[in-house]
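Step one of this worksheet: look at the structure below.
The values are calculated or read from the model by the stated rules, or taken from the named source; none is laboratory data. Predicted model, so just to flag it, every value in this text is computed and none were measured. Note: ideal-geometry Cβ built from the backbone for every residue, glycine included; neighbour counts use all protein chains shown.
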Ligand SMILES: NC(=O)c1ccc[n+]([C@@H]2O[C@H](COP(=O)([O-])OP(=O)(O)OC[C@H]3O[C@@H](n4cnc5c(N)ncnc54)[C@H](OP(=O)(O)O)[C@@H]3O)[C@@H](O)[C@H]2O)c1
């Protein structure tokens, strides 16, 4: 039996991960997988839940919430725990890709974007850490981004929020390790989802949600610590990280 809690459950990557969990459980029976889904928009949330039920999930319960508001997080986690009994896996997937130029014109917008991608995720992580510590088991998976590895002029608002989450994960992983709980920081590169629709991205570097979901579910089950998806992004980001600052600041990355 696997009990999975998903935040941002209507995200294309999260939906592909949920379907992948059901495929992986095919031998045991997909009805051994139970989901509790949290997302903002009711209609896509219900569609996602229906799809997972149709694919054989044991049970699917849902909650609607704007995750930008951390005041509601504890109640969300507690309700999920009531529905699932125990939590084996958590996937945190909600996020937005800010318009960097608009954020530069309007710092309040930048802070709102930072809140969705950064502080809301950190608040959720801290609530979940307490619940999972009481259980003494389970895995928390957070989708951050390769954008958090180094601030680039084209997206440093998004990148700094993701970097804050990754830094939080690094410390929290060590805290949770002592409690028997695992935490994985998932850093995708370009993925073809509604978030990137309309962006001019180099086709060769763009993965499908299904491709990254296979890697993500495998990485979660293998208890990886940090996962670049697809893996070639680890090399690309290594090169970007080692570029000397006098050169880096002259590049339009
Ligand atoms: N696509 C990429 O290239 C890429 C690369 C690196 C990392 N990522 C990360 O991967 C994760 C999943 O993104 P995706 O690519 O699957 O994009 P997506 O399909 O656009 O999903 C984003 C999800 O976040 C939800 N969300 C945004 N703000 C929210 C809020 N305040 N409260 C609740 N839910 C909220 C959206 O819900 P609504 O439908 O209600 O807006 C949507 O379900 C994100 O964390 C993203 O930053 C994506």
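Within segment 60-74, identify whether any single residue is surrounded by 19 or more Cβ atoms within 10 Å (Cβ to Cβ) and assigned to a loop (DSSP other than H, G, I, E, B), and answer yes or no. Checking segment 60-74: at least one residue is surrounded by 19 or more Cβ atoms within 10 Å (Cβ to Cβ) and assigned to a loop (DSSP other than H, G, I, E, B). Listed conditions (1) closer than 26 Å to residue 137 by Cβ; (2) surrounded by fewer than 14 Cβ atoms within 10 Å (Cβ to Cβ); (3) in contact with a strand residue (DSSP E or B) (Cβ under 9 Å, 6 or more places away or on another chain) are all met by residue 178, apart from (3). For segment 131-244, the helices (runs of 4 or more DSSP H) that sit wholly inside it and include 1 or more residues that are without any contact (Cβ under 8 Å) to a residue 24 or more places away in the chain and in contact with a helix residue (DSSP H, G or I) (Cβ under 6 Å, 6 or more places away or on another chain) are 156-177.
Residues checked against (1) under 15 Å from the mean Cα position of the chain (by Cα); (2) within 12 Å of the ligand (Cβ to nearest atom):
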site	(1), (2)
166	yes, yes
188	yes, yes
196	no, yes
201	no, yes
215	yes, no
219	yes, no
235	no, no
244	no, no
252	no, no
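Tallying residues that are over 20 Å from residue 137 (Cα atoms) and in contact (Cβ under 8 Å) with a residue 40 or more places away in the chain within segment 73-103 yields 9. Residues that are under 17 Å from the mean Cα position of the chain (by Cα) and either modelled with pLDDT under 95 or within 11 Å of the ligand (Cβ to nearest atom) (or both) within segment 14-55 comprise 14, 15, 16, 17, 37, 38, 39, 40, 45, 48, listed in sequence order.
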